[in-house]
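First comes the structure, then the notes that go with it.
None of the figures in this text is laboratory data; all of them are computed from the coordinates on show. No experiment lies behind these values; they were computed from the predicted model shown. Every residue, glycine as well, gets a Cβ built from its backbone with ideal geometry; the counts of neighbours run over all protein chains shown.
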Amino acid sequence: MRIAVVGGTGYVGLTTAVCLAARGHLVFCVGRSPDKIQRLIQGIPIIYEEKLEEMLKDVLKRRTFVPTTDLKKAVQGSDVSFICVGTPCGDDGSIDLTQIRGASREIGCALKDKVGYHVVVVKSTVVPGTTEDIVLPILEKFSGKRVGADFGVCMNPEFLREGRAVNDFMLPKETGIVIGEIDQKSGDLVSKIYEDFDGEILRTSIRAAEMIKYARNSYLAKDISFANEFANICQRLGVDYLDVKKGLEMDARIGEGRFLDAGAGFGGSCFPKDVNAIVAKAKEIGILPVMLESTLNVNEVQPYELVKLTKQVVGNPLNGKRIAVLGLAFKPGTDDMREAPSIKVINSLLREGCEISVYDSKAVRNAKKIFGSHVEYAEKAEEALRHADACVIVTEWPEFANPKLYTCMRGRVIIDGRRVLNPATLPLGFIYHAIGFLGAVKK
Ligand code: NAD
C-alpha cells in the first residue's frame with residue numbers, strides 16, 4: 001500500500017514510517033524540517049532507537065521509504081495518511097491540538113485535488129472526541145469532500161515503548177493493534193496494512209480507540225505511583241521494597257510484569273502528558289478524577305526522594321559536594337529527555353549548590369539543551385564518577401549494574417534511584433542507599 005506519514009520526523013512518525021516501509025509498503029515520511037529530512041535521506045536517524053539506523057538504511061536502499069517535506073504530493077500519492085504529530089499538554093494540563101489541527105488542514109487541502117479513495121488515520125494520542133469532532137470537520141472543510149463517500153477516517157493509537165520502539169511496532173503481539181473506524185470500509189483498508197503483523201486486531205468505534213490509549217497509559221502510570229508510594233513507606237519503616245514487590249508478584253491476581261518497580265518516577269513524552277490530558281478532559285465534563293490526580297501528585301514529588309536521600313547520606317547542606325548523576329534519559333534505550341526525572345533531580349542538586357557531572361550514553365545531546373554549561377558532561381561513566389563524593393543513578397541503563405564501575409569513585413556513596421545494583425556485589429567500604437531500601441554500609 002502507499003502510505004504518507006505526517007509527523008515523520010518525530011519518535012512515533014519515524015518509527016511508523018520505517019517499520020511500514022520495512023513491511024514492503026511504499027512510505028512517504030513527511031516532515032517540516034528540511035534539515036531533518038536531508039539527514040534521513042542520508043540514512044541518519046534523527047532519534048536514537050535500537051535497530052532504527054540499520055532499518056532506515058535498508059528501506060532507503062529498497063526505495064520503499066521516501067523522506068519529503070512535500071505533504072501535498074505525499075498525500076496525493078498515497079492510499080492512507082497517518083497523522084503522527086505531537087499532542088503536548090498546555091499550561092493547564094489539557095491537550096494542545098495545534099499540531100493536529102495544522103496537519104488536518106494540510107491533509108484536507110491535499111485531498112481536495114486527490115483522485116481516488118483515501119483514509120486518514122489519527123495515530124497521535126488524542127482525547128476522546130478529537131478525531132470525530134475536530135479532525136473530521138477540518139478534513140471535510142478543506143477538502144470540500146464528504147467522509148464516508150469520498151474519504152475514510154480511522155483512529156489507530158500507538159502503543160510502542162520508547163527504548164524498544166522498533167521491536168514493539170514490528171511485533172505487536174504483546175500490545176495488540178486497535179483500529180477505531182468511522183465505517184467498515186475505512187477499517188478494512190487500515191486492517192490490511194497490518195495483515196502481516198503478528199498481533200490481534202481489535203476494531204472499535206473511534207472514541208473507544210482514543211480512550212483505550214488513555215486507559216492503558218493511566219493504568220500503567222497508576223501502578224508506578226503505587227509502587228513509589230509503597231517504596232517510600234517501606235524505606236521509612238526499614239522494609240526492603242524489593243521483597244514486597246516479589247510478594248506482590250507472587251499473587252496471581254496481581255502477577256508479574258506489572259509496572260511495580262519503584263524509582264525516581266515516570267517521565268517521557270506520554271505518561272505525564274496523557275494522564276494530565278485525561279484529568280483535564282474528565283474535569284471538563286464534571287468528573288473529579290481523584291485516582292488519576294493522585295497518580296500525578298505522587299509522581300510530581302518522587303524525583304525529590306532521591307535528593308532527600310542524598311542529603312540524608314552525604315550531609316545537609318550539600319553545598320560544594322560533587323555528585324555524579326548516571327542516566328539522563330527518561331528510561332534506558334532512548335535519548336529522550338522529555339519530562340525525565342533526571343531534570344528535577346539535577347536542578348534540585350544544583351540549587352543545593354552541588355557540582356554535577358553527568359553521564360548517559362545516548363541522551364547528552366538533548367541534555368545539553370536543558371542544562372547548558374551548568375553541569376559537566378562526561379564521555380564515560382568512570383569520568384563522571386572519578387572525583388565524585390556521591391553518585392545518583394537515575395536511569396537504569398544496564399551498564400550501571402556493574403559494581404566494578406564504581407571502584408574509581410573518590411567518595412563511596414551510591415544512591416540507586418532504580419535498584420540496578422545489588423549492594424552485596426559492591427566492593428568493601430561502599431555506602432549504598434536506594435528508593436525503598438534502608439541502606440547498607442559494607443565493612
Ligand atoms: P514528536 O514531538 O517527537 O513528533 C512530532 C513530529 O510531528 C515533530 O517532528 C513535528 O515537527 C512534526 N509535525 C508537526 N506538525 C507537522 C506537520 N503539519 N507536518 C509534518 N510534520 C509535523 O512526538 P512523538 O513522541 O512522536 O509523539 C507523537 C504522538 O504519538 C503524540 O500524540 C504522542 O502522545 C503519541 N505517542 C507517542 C509515543 C512515544 O513513545 N513517543 C508512544 C505512543 C504514542
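For segment 278-308, the set of trypsin sites (Lys or Arg not before Pro) satisfying both a DSSP loop assignment and a count of at most 13 other C-beta atoms within 10 Å is empty. With Cα atoms as the point set, the radius of gyration and Dmax of the chain evaluate to 23.5, 77 Å. If you take the alpha carbon atoms of segment 304-441 and fit the smallest convex hull around them, that volume is 92 Å³ per residue. In a fully extended conformation the segment linking E200 and D183 would gain 4.2 nm over its present Cα-Cα distance, using 0.36 nm per residue.
For the chain, DSSP calls about 10 percent of its internal beta bridges antiparallel. Report, as a whole number in µm² per second, the diffusion coefficient that Stokes-Einstein gives for segment 232-385 at 25 °C and 0.890 mPa s using the Kirkwood radius over alpha carbon pairs. In µm²/s, the coefficient rounds to 140. Counted residue by residue at 0.36 nm each, then reduced by the alpha carbon distance between them, the extension gain from L288 to E399 reaches 35.7 nm. Checking the a/c ratio against 1.5 first, then a/b against b/c, what shape does the Cα gyration tensor give for segment 2-206? Cα axes put segment 2-206 in the rounded bin. Of all the options S342, S373, S269, the one that moves most in a Gaussian network model of the chain with Cα springs shorter than 10 angstrom is S373. Against the chain, whose longest principal axis is taken from its Cα atoms, helix 271-284 shows a tilt of about 60°.
Cα convex hull, segment 19-66: 65 Å³ per residue, rounded to a whole number. For segment 214-301, the equivalent ellipsoid built from the Cα gyration tensor has semi-axes of 25, 14, 11 Å, listed from largest to smallest. Applying both filters, DSSP loop and at most 12 other Cβ atoms within 10 Å, to the GluC sites (Glu not before Pro) of segment 178-213 gives E195, E200. Computed from Cα positions, the angle between helix 11-22 and the longest principal axis of the chain comes to roughly 60 degrees. Looking at segment 304-441 alone, DSSP beta bridges between its own residues are antiparallel in about 15 percent of cases. With the highest mean first, a sort of the peptides 61-69, 415-423, 119-127 on other beta-carbon atoms found within 10 angstrom per residue produces 119-127, 415-423, 61-69. A Gaussian network model of the chain, with springs between Cα atoms under 10 Å, assigns the largest mean-square fluctuation among P172, P317, P303 to P317. How about segment 363-404: which GluC sites (Glu not before Pro) there lie in a loop by DSSP and see at most 16 other Cβ atoms within 10 Å? Here the sparse-neighbourhood loop sites are E379. Counting neighbouring beta carbons within 10 Å and listing from fewest to most, the residues S191, S33, S78 come out as S33, S191, S78.
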